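Every number in this text was worked out from the coordinates using simple rules, so none of it is lab data. Predicted model, so just to flag it, every value in this text is computed and none were measured. Here the Cβ positions follow ideal geometry from the backbone for every residue, glycine too, while neighbour counts run over all protein chains shown.
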Amino acid sequence: MISSKILYNKTGTDESYTPAHAVAPILKYIPPRAVVWCPFDTNESEFVKQISKKNKVIASHIDFEQDFLKWQPAQAWDIIISNPPFTCKRLIFERALSFKKPFALLMTCACLNDKYPLFSFKEAAAAPQFLFFDRRIHYKQNGTTEKNTTFMSAYFCRNFLPNQIILETL
């Protein structure tokens with residue numbers, strides 16, 4: 001098993017924060033009464049702030065000993081939505097798929113260069129869905145918005161979107 005200190009490296013690039021404009025496009029796909037688990041988020045997360053305006057949200061974060069790979073809420077939930085660490089994406093996808101529930105995980109499109117995330121969908125007999133954007137998302141790190149993001153991001157989804165591929169404008 002991989003150490004959670006490696007999985008959630010706070011000194012590396014994994015502790016990045018999603019800006020509000022990158023959360024907004026996913027909101028319209030959340031069913032009205034769905035309970036959303038945001039497993040990589042504190043209450044300060046844009047996911048938690050925006051989704052909780054219309055849906056019940058369960059926020060959890062490894063800083064509170066709620067490691068996504070080992071923990072899940074005791075409360076019932078319907079959907080996972082979050083921006084997980086980009087490292088160990090295979091383990092994250094395998095865990096998300098193991099619940100057999102809808103999810104939308106904001107990830108780097110570089111995942112498409114790696115066989116394991118998509119292979120995880122195949123092993124789970126689940127069809128991947130994608131919400132792509134017209135431009136790059138500039139994440140926040142250490143309170144500063146990165147202006148030179150070198151990669152595209154997309155929501156990698158399961159049983160969440162009305163179509164297999166959707167393009168949204170940021």
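Give the long-range amide H neighbours of Q66: residues separated by 5 or more places, or on another chain, with amide H under 5 Å away, using H modelled in the peptide plane at 1.01 Å from N.
H61
Neighbouring Cβ atoms within 10 Å as the yardstick, rank L112, L106, L167 fewest first.
L167, L112, L106
With θ set to phi - 60° and the Karplus curve 6.51 cos²θ - 1.76 cosθ + 1.60, what are the ³J(HN,Hα) couplings of segment 156-170 in order, to the nearest whole Hz, using x for Gly and Pro?
9, 10, 9, 6, 10, 8, x, 10, 5, 10, 10, 10, 10, 9, 8
Subtract the Cα-Cα distance of S98 and F151 from 0.36 nm times their separation in residues, and report this length gain in nm to one decimal.
Full extension of this stretch gives 16.3 nm more.
Multiply the residue separation of E123 and W71 by 0.36 nm, subtract the distance between their alpha-carbon atoms, and state the gained length in nm to one decimal.
Gain on stretching E123 to W71: 16.5 nm.
Counting Lys +1, Arg +1, Asp -1, Glu -1, what net charge surrounds A126 among other residues with beta carbon under 12 Å of its beta carbon?
So the environment of A126 carries a net charge of +2.
Please turn the phi angles of segment 96-111 into ³J(HN,Hα) values with the Karplus equation 6.51 cos²θ - 1.76 cosθ + 1.60 (θ = phi - 60°), one per residue in order, whole Hz, x for glycine and proline.
4, 5, 5, 6, 6, 10, x, 8, 9, 10, 7, 9, 5, 5, 4, 4
Calculate one ³J(HN,Hα) per residue across segment 39-45 by plugging θ = phi - 60° into the Karplus curve 6.51 cos²θ - 1.76 cosθ + 1.60, and present them in order as whole Hz with x for glycine and proline.
Calculated HN-Hα couplings, in order: x, 10, 9, 9, 5, 8, 5 Hz.
Based on the Cβ-Cβ distance of T87 and K53, what FRET efficiency does E = 1/(1 + (r/R0)^6) give at R0 = 25 Å, to the nearest 0.05?
Plugging the Cβ-Cβ distance into 1/(1 + (r/R0)^6) gives 0.25.
How many percent of all Cα-Cα pairs in segment 50-145 sit more than 16 Å apart?
When all Cα pairs of segment 50-145 are counted, 63 percent exceed 16 Å.
Cross-link list K28/K49; K54/K122; K28/K53; K28/K56: which exceed 21 angstrom alpha carbon to alpha carbon?
The pairs that break the limit, which is 21 Å between Cα atoms, are K54/K122.
Lys and Arg at +1, Asp and Glu at -1: add these up for the other residues within a Cβ distance under 13 Å of P117 and post the number.
+3
Name the residues whose placed amide hydrogens come within less than 5 Å of the amide hydrogen of Y139, ignoring near sequence neighbours (fewer than 5 apart) on the same chain.
Amide H neighbours of Y139, under 5 Å, 5+ apart: E146.
Would you mind putting 61-69, 82-90 in packing order, based on average other-beta-carbon counts within 10 Å, highest first?
Most protected by this proxy first, the peptides run 82-90, 61-69.
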